Amino acid sequence: MDRKSGVERTEMGVIGAIDIGSNSIRLMVMDADGSVMRRESEVTGLARGVDASGVLSDDAVTSTLAVLERFADVMVDDGVIRFAAVATSAARDARNGPEVMRSIAAVLGRPPSIIDGEDEALLAFSGATTGAGRIGRQVVVDIGGGSTEVVEGEIDVTWSHSYDIGSVRLTDRSLPDRPASAPQLATAAAEVDRVLSEPPIRIRAEEVIGVAGTFTSLAAMHLGLVRYDPDMVHGTTLTRGDIDALVGGLAALTVSETAEIPSLEPRRAPVILAGTVVAQRVMEALGAESVHVSEYDLLDGLAARVAALAQD
């Protein structure tokens with residue numbers, strides 16, 4: 001791959017996948033036999049403030065471009081010959097999204113695809129269910145910074161919806177203060193419930209598969225890890241009671257105190273409480289008593305799509 005010209009060869013080889021999310025930017029590199037060579041994530045908070053301003057901030061864009069510049073260099077060093085990059089809720093919503101995508105294209109050598117909520121849900125379901133190794137009906141919940149995808153399916157998706165609420169968006173709307181008061185938590189919960197009612201979630205699930213940074217961070221905190229360990233996090237089961245306890249514990253902390261939690265990426269500290277409230281309310285809406293946390297998610301679904309295209 002020549003990242004400046006965007007030239008790619010068509011034979012199967014090392015592939016890359018980039019997820020330009022509303023809170024974090026993530027990279028996966030996979031070799032020809034499907035083994036993951038690297039998986040990296042950096043929080044840039046791309047969507048912070050966009051709910052009120054309607055634009056992606058200069059600081060967040062600058063941070064995002066710097067991360068993508070590094071990821072592009074990493075892909076060259078790893079010998080990536082084909083890659084795909086997708087942008088999600090923040091890029092869909094912001095008035096300056098097209099301008100930012102042009103800046104990203106200058107870094108990566110091609111523009112990312114701005115995927116809609118339906119495709120975001122499909123990729124999350126594909127990655128999560130493949131990684132879970134389960135058969136039968138599954139319900140996947142993907143909490144992002146700007147949106148939350150709820151997906152039901154078996155082999156194929158049978159129902160899905162992307163709700164315009166996530167950890168960054170809810171923080172901006174309802175949870176600006178830390179510690180957060182009981183009335184603020186109630187307002188935040190009511191806002192999530194309002195968004196989840198348009199349309200209502202009509203599926204039920206005793207257990208769901210939870211993916212992405214909110215759920216994986218909650219699992220690490222619940223386990224009391226001294227540092228984040230994906231092998232320990234993957235497969236963790238959290239009950240509704242566990243989620244409720246985490247809401248209460250996080251609400252009592254300042255952002256600085258939250259950032260000191262050993263297993264939590266410090267840059268997630270401002271938004272992790274809101275993400276936990278979203279998790280709490282989605283589980284309530286689904287009637288779910290527990291969530292099976294998975295490290296496999298949209299990024300894995302995107303990598304699988306790139307691999308399939310490489311084999312055509």
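The values are calculated or read from the model by the stated rules, or taken from the named source; none is laboratory data. What you see is a predicted model, and the numbers here were worked out from it, not measured in a lab. Don't worry about glycine lacking a Cβ; one is built from the backbone with ideal geometry, like all the others, and counts go over all protein chains shown. Surface areas here come from the heavy atoms of the whole protein model, side chains and all, with no ligands, DNA or RNA. Shrake-Rupley method; radii C 1.70, N 1.55, O 1.52, S 1.80 Å.
In segment 100-118, which residues are touching a residue at least 24 places away in the same chain (Cβ under 8 Å) and of a type in the set (D, E, K, R)?
Arg110, Asp116, Glu118, listed by residue number.
State the number of residues belonging to segment 275-312 that are among the small types (Gly, Ala, Ser) and farther than 20 Å from Gly145 by Cα.
8
I'm trying to understand the selection: among the residues of segment 265-312, which are farther than 30 Å from Ala84 by Cβ, in contact with a strand residue (DSSP E or B) (Cβ under 7 Å, 6 or more places away or on another chain) and either of a type outside the set (S, T, N, Q) or free of Cβ contacts under 8 Å to residues at least 12 places away in the same chain (or both)?
Met283, Leu286, Ala288, Glu289
Taking into account only those residues within segment 171-194 that are touching a Leu at 6+ places or on another chain (Cβ under 9 Å) and in a helix (DSSP H, G or I), which is nearest to Trp159 (Cα to Cα)?
Among those residues, the one meeting the criterion is Val192.
Kindly indicate the residue of segment 209-224 that is part of a helix (DSSP H, G or I) and under 13 Å from the mean Cα position of the chain (by Cα) and also nearest to Arg240 (Cα to Cα) among those meeting that condition.
Kept after step one, since they are part of a helix (DSSP H, G or I), are these residues of segment 209-224: 213-223.
Add one more test, that the residue is under 13 Å from the mean Cα position of the chain (by Cα), and what stays is 213-217.
Numbers: Gly213: 18, Thr214: 15, Phe215: 12, Thr216: 15, Ser217: 16 Å.
Ranking the candidates gives Phe215 first.
From (1) touching a His at 6+ places or on another chain (Cβ under 7 Å); (2) at positive phi, pick out the condition that doesn't hold for Val150.
So the condition that Val150 fails would be (2).
Which residue, of Val50, Val61, is crowded, with 24+ Cβ neighbours inside 10 Å and either out of contact with any strand residue (DSSP E or B) (no Cβ under 6 Å at 6 or more places or on another chain) or modelled with pLDDT under 90 (or both)?
Working: Val61 fails: crowded, with 24+ Cβ neighbours inside 10 Å.
Going through Val50, Val61 in turn, just one is crowded, with 24+ Cβ neighbours inside 10 Å and either out of contact with any strand residue (DSSP E or B) (no Cβ under 6 Å at 6 or more places or on another chain) or modelled with pLDDT under 90 (or both): Val50.
All but one of (1) surrounded by 15 or more Cβ atoms within 10 Å (Cβ to Cβ); (2) modelled with pLDDT under 95 hold for Arg38; state the number of the condition that does not hold.
(1)
Of the residues in segment 77-130, how many are within 23 Å of Ala32 (Cα to Cα), open to solvent by less than 50 Å² (accessible area, probe 1.4 Å) and among the β-branched types (Val, Ile, Thr)?
Residues flagged as within 23 Å of Ala32 (Cα to Cα), open to solvent by less than 50 Å² (accessible area, probe 1.4 Å) and among the β-branched types (Val, Ile, Thr) within segment 77-130 amount to 4.
Here are Tyr228, Tyr163: which of them is open to solvent by 70 Å² or more (accessible area, probe 1.4 Å) and not polar (S, T, N, Q)?
After applying the criteria, what remains is Tyr228.
Regarding segment 295-302, can at least one residue be identified that is modelled with pLDDT of 90 or more, in contact with a Pro (Cβ under 6 Å, 6 or more places away or on another chain) and surrounded by fewer than 24 Cβ atoms within 10 Å (Cβ to Cβ)?
Looking for residues that are modelled with pLDDT of 90 or more, in contact with a Pro (Cβ under 6 Å, 6 or more places away or on another chain) and surrounded by fewer than 24 Cβ atoms within 10 Å (Cβ to Cβ), one finds at least one in segment 295-302, hence yes.
Contact list please: Cβ distance under 8 Å, first residue in segment 239-251 and outside any helix (DSSP H, G or I), second residue modelled with pLDDT of 95 or more and surrounded by 15 or more Cβ atoms within 10 Å (Cβ to Cβ), pairs at least six apart or on different chains.
Final answer for the pair search is Thr239/Ser290.
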